[in-house]
Amino acid sequence: MTGSTKLSSGAAGAGELVAEAGPPDATFGGASARKSRWSWVGLVASLAIFAASAFVLWRTAHTISAADVLAALARVSAGQLGVAMLLVAVSYLLLTGYDFLALRQMRIKVPYRTTALASFTSYAVSFTLGFPLLTSGAVRYRIYAARGVRAPQIASLTVIAGITFWLGMGVVLGWSLMAEAGAISLLAHTSIFINQLAGLLTACAVVGYLIWVSVKHRYVAVKGWRLELPGLRLSLGQMALGAGDACAAAGVLFVLLPDGHGVNFATFLAIYVCACMLGIVSHAPGGIGVFEATMLVALSSLPGSQVLGALLLFRLCYYLLPFLLALALLSGYEIVKRLKSGRDSLRDDSGGAAGPGLRREAS
């Protein structure tokens, strides 16, 4: 079994990650060394982003008083909170589509109520605790395993859901950077040309992927495991779903911003997606600190206390409340599962006890 990561094409069946045997890799030592060096580069980059974000937050904290933040929170209307919570519901509803499309690609039939429970709880937990491969994978396995879905299939589901996320982020970022290059340049202090170029390259990457998967069946192999990627039709569905989720999540923070901020939604969308990506690269749970610092810098033309207040409410609405709901749902799921298991055990014991008695009467 090789230790390399590669992209390939072929005709193996879809449905799960499949073990792929092969001859020993003669270059394994060199590849391992290169991977180790890149791991260090990634670690240093993550630490640098986190340190820079911590500095920005520290500097901001010295210019904003707690009283100003509390006043900003008090100015948020019930209508704003209502719309924000509605958009939170829309975003998490669209997130259940990530798992739905992945299961469809893998040709696994699972009731939507199970898919919705597994998807919502896994995302709500991983968004708050971080380490998504571990946290969301554990939650998904606990729920899907009861429906006969095996661990390799859950791993492949996670990969396909990740593709949905990045396709959606890519198309939103590419469009917004090109459409609002001028407005973004004023906020982020970048040139219009750089914004348009970044947007064009991002859009080309998304289109290139769609063309690549439309030509023939494509497979991704990671350390000997192979998974068929969705074709063009399903990839377009992934892109639309991911883009809708990104817009809904961005809308939560957008409606919580102070009135009269003068930033249109398309411009804000580009800033939001960039902040999310930096948060992901930093590996901080939920991008905490990094996301806030990026938004504070990009929206520095607005009152800092009001932006910080909106960010705090965003954390409450989009992260903390769904996390608490997910814990309640998981607790309820476990209780119901154990009660059902107990009833089934008692029924089996009753049946076993009655059997011999009936046989004795018959004899």
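I'd like the FRET efficiency for C204 and S300, computed as 1/(1 + (r/R0)^6) with the beta carbon distance as r and R0 of 45 Å, rounded to 0.05.
That gives a FRET efficiency of 0.90.
Most exposed first by the Cβ proxy, i.e. fewest other Cβ within 10 Å, how do I288, I143 rank?
Sorted ascending by nearby Cβ count, the order is I288, I143.
Label-point separation (nm) for I194 and F131, each offset 7 Å from Cα along Cα-to-Cβ?
3.6
Residues of segment 183-227 with the amide nitrogen closer than 15 Å to a label point 7 Å from the Cα of R107, along Cα-to-Cβ, please.
217-218, 227
Can you give me the long-range amide H partners of R218? Hydrogens built in the peptide plane at 1.01 Å from N, cutoff under 5 Å, separation of 5 or more residues or another chain.
L229
Every read-out reported here was derived from the displayed coordinates using simple, explicitly stated rules and does not represent laboratory data. Quantities reported herein were computed from a predicted structural model and do not represent experimental measurements. When we count neighbours, we look across all protein chains shown, and the Cβ atoms used for this are built from the backbone with ideal geometry, even at glycine.
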